[in-house]
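Working notes for the structure below.
The values are calculated or read from the model by the stated rules, or taken from the named source; none is laboratory data. For clarity, every value in this text was computed on a predicted model and none was experimentally measured. Don't worry about glycine lacking a Cβ; one is built from the backbone with ideal geometry, like all the others, and counts go over all protein chains shown. Just so you know, the surface numbers come from the protein's heavy atoms only, side chains and all, with ligands and any DNA or RNA stripped out. Shrake-Rupley method; radii C 1.70, N 1.55, O 1.52, S 1.80 Å.
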Amino acid sequence: MPITLAQVEEARRNIVDAALRTPLVRCNVDEPSHLYLKLENLQPIGSFKIRGAANAMARTAPEQLSRGVLTASAGNMAQGVAFCARRLGLPATIVVPDAAPATKIRAVERMGGKVIKVPFAEWWRTFETRSYPGVDATFIHAFDDFDVMAGNGTIALELLEDLPDLEAVVIPWGGGGLSCGIAAVMRKRAPRVRVYAAEIETAAPLAASLAAGEPRSIEYTPSFVDGIGSKMVFANMFERARALLDGSLVVTLAEATQAMKLVAERNRVIVEGASACAVAAALSGRAGAGKVVAIVSGGNIDLEKFAVLVGSA
């Protein structure tokens, strides 16, 4: 069952004091000439995740929140939960994979979050169990949560208000909460709009699952694209994606790197690997003609790594 427009409108009211209404700007490239960037990297935490985290916590009963909050994240949802918890005076515990970027971990710790670093497989199990041994706190799921998806869906409301005649949206696919949140609104408000996920070649379980017609596990290879990509798609997220999305556009590491460099050169904007996948997919033309929006989901990348990547592109 997808989220409703009423849930998304409520989410917009819930997050107004935490999240920004981010700008939509034209990407300064010649082709395609109608490519736009939704700059969620300008949120207070450098990522769209603040929207879902703020709404989920606003929708949680005070007696549940009083125990503190727990999430599993590679870094951006970690910051969203830690940021919102600090605003409410709550403790936040974050389970991160052992390959999580140092810049994201440092940001969580600056916000007062407690970080627990674990191997990838153990981290992934936390999404399934929605708990972590020894931590008695309310779990905020990074993607498989109606309140989180409703918070993410507020992006779609802004897109339709700022660019009513948009024709396609390309969205980084991590767990699916961003893609399905935006797509649910588009299907109800503007069903003509094409909605695509974007994945990286080294970790593209959605594309494999859509091709097979059922959730499939794949071989996962870590890369600088750390905000998206996994070994599998949750079954319920797959069903939502199959019903809501027009497909998944897979890009190469080289294409993602070139997109990072292009956006930095032309728009003076720093995008992380996940965002670069959406931009690269849109630049490829596979999202179709007309006005296309790439969701710049975040900009939280180690600057040293960013400099090396764009310097080598």
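Quick grid of which residues meet (1) of a type outside the set (Ser, Thr, Tyr); (2) out of contact with any strand residue (DSSP E or B) (no Cβ under 9 Å at 6 or more places or on another chain):
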{"residue": "SER217", "(1), (2)": "no, yes"}
{"residue": "THR252", "(1), (2)": "no, no"}
{"residue": "LEU262", "(1), (2)": "yes, yes"}
{"residue": "CYS277", "(1), (2)": "yes, no"}
{"residue": "ALA282", "(1), (2)": "yes, no"}
{"residue": "LEU303", "(1), (2)": "yes, yes"}
{"residue": "SER312", "(1), (2)": "no, yes"}
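In this structure, is VAL16 out of contact with any helix residue (DSSP H, G or I) (no Cβ under 8 Å at 6 or more places or on another chain) and either on the phi > 0 side of the Ramachandran plot or part of a loop (DSSP other than H, G, I, E, B) (or both)? Spell out the reasoning first.
Details: out of contact with any helix residue (DSSP H, G or I) (no Cβ under 8 Å at 6 or more places or on another chain): yes; either on the phi > 0 side of the Ramachandran plot or part of a loop (DSSP other than H, G, I, E, B) (or both): yes.
It is true that VAL16 is out of contact with any helix residue (DSSP H, G or I) (no Cβ under 8 Å at 6 or more places or on another chain) and either on the phi > 0 side of the Ramachandran plot or part of a loop (DSSP other than H, G, I, E, B) (or both).
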Would you be able to say whether some residue in the stretch 169-184 is in contact with a helix residue (DSSP H, G or I) (Cβ under 7 Å, 6 or more places away or on another chain) and either open to solvent by 30 Å² or more (accessible area, probe 1.4 Å) or of a type in the set (D, E, K, R) (or both)?
no
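Name the residue, out of ALA212, ALA121, ALA137, that is over 22 Å from ALA274 (Cβ atoms), among the small types (Gly, Ala, Ser) and without any contact (Cβ under 8 Å) to a residue 40 or more places away in the chain.
Numbers: ALA121 fails: over 22 Å from ALA274 (Cβ atoms); ALA137 fails: without any contact (Cβ under 8 Å) to a residue 40 or more places away in the chain.
It is ALA212.
Being out of contact with any Cys (no Cβ under 9 Å at 6 or more places or on another chain), at pLDDT 95 or above, of a type in the set (Gly, Ala, Ser) and within 18 Å of LEU24 (Cα to Cα) narrows it down to one residue among ALA184, ALA168, ALA150; which is it? Quick ask: steps written out before the conclusion?
On the way: ALA184 fails: within 18 Å of LEU24 (Cα to Cα); ALA150 fails: within 18 Å of LEU24 (Cα to Cα).
The match here is ALA168.
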Tell me whether the stretch 144-164 contains one or more residues that are touching a Gly at 6+ places or on another chain (Cβ under 7 Å), polar (S, T, N, Q) and surrounded by 17 or more Cβ atoms within 10 Å (Cβ to Cβ).
yes
Here the qualifying pairs (Cβ atoms under 7 Å; residues six or more apart or on different chains; first in the stretch 63-80 and open to solvent by 10 Å² or more (accessible area, probe 1.4 Å); second assigned to a strand (DSSP E or B)) come out as GLN64/THR138; LEU65/THR138; ARG67/THR138; ALA74/VAL96; ALA74/PRO97; ASN76/SER47; ASN76/GLY298
Selection from the stretch 226-241 of residues open to solvent by 40 Å² or more (accessible area, probe 1.4 Å) and either free of Cβ contacts under 8 Å to residues at least 12 places away in the same chain or not in a loop (DSSP other than H, G, I, E, B) (or both) yields ALA235, ASN236, GLU239
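Could you tell me whether any residue of the stretch 43-56 is under 20 Å from the mean Cα position of the chain (by Cα) and open to solvent by 30 Å² or more (accessible area, probe 1.4 Å)? Break it down into steps so the answer makes sense when it comes.
Here is the first cut: in the stretch 43-56, the ones under 20 Å from the mean Cα position of the chain (by Cα) are 43-56.
When the remaining residues are screened for being open to solvent by 30 Å² or more (accessible area, probe 1.4 Å), the result is 44, 49.
Yes, the conditions are met somewhere in the stretch 43-56.
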Taking the stretch 5-16 and the residues there that are open to solvent by 20 Å² or more (accessible area, probe 1.4 Å) and in contact (Cβ under 8 Å) with a residue 60 or more places away in the chain, the one that is nearest to ILE94 (Cα to Cα) would be ASN14
All conditions in (1) open to solvent by 60 Å² or more (accessible area, probe 1.4 Å); (2) in contact (Cβ under 8 Å) with a residue 24 or more places away in the chain are true of THR129 except (2)
| said: Residue under question is ALA197, and the condition is that it be in contact with a Phe, Trp or Tyr (Cβ under 8 Å, 6 or more places away or on another chain), open to solvent by less than 30 Å² (accessible area, probe 1.4 Å), touching a residue at least 12 places away in the same chain (Cβ under 8 Å) and assigned to a loop (DSSP other than H, G, I, E, B); does it hold? | reply: no
Matching residues in the stretch 200-225 (over 16 Å from the mean Cα position of the chain (by Cα) and not in a loop (DSSP other than H, G, I, E, B)) number 6
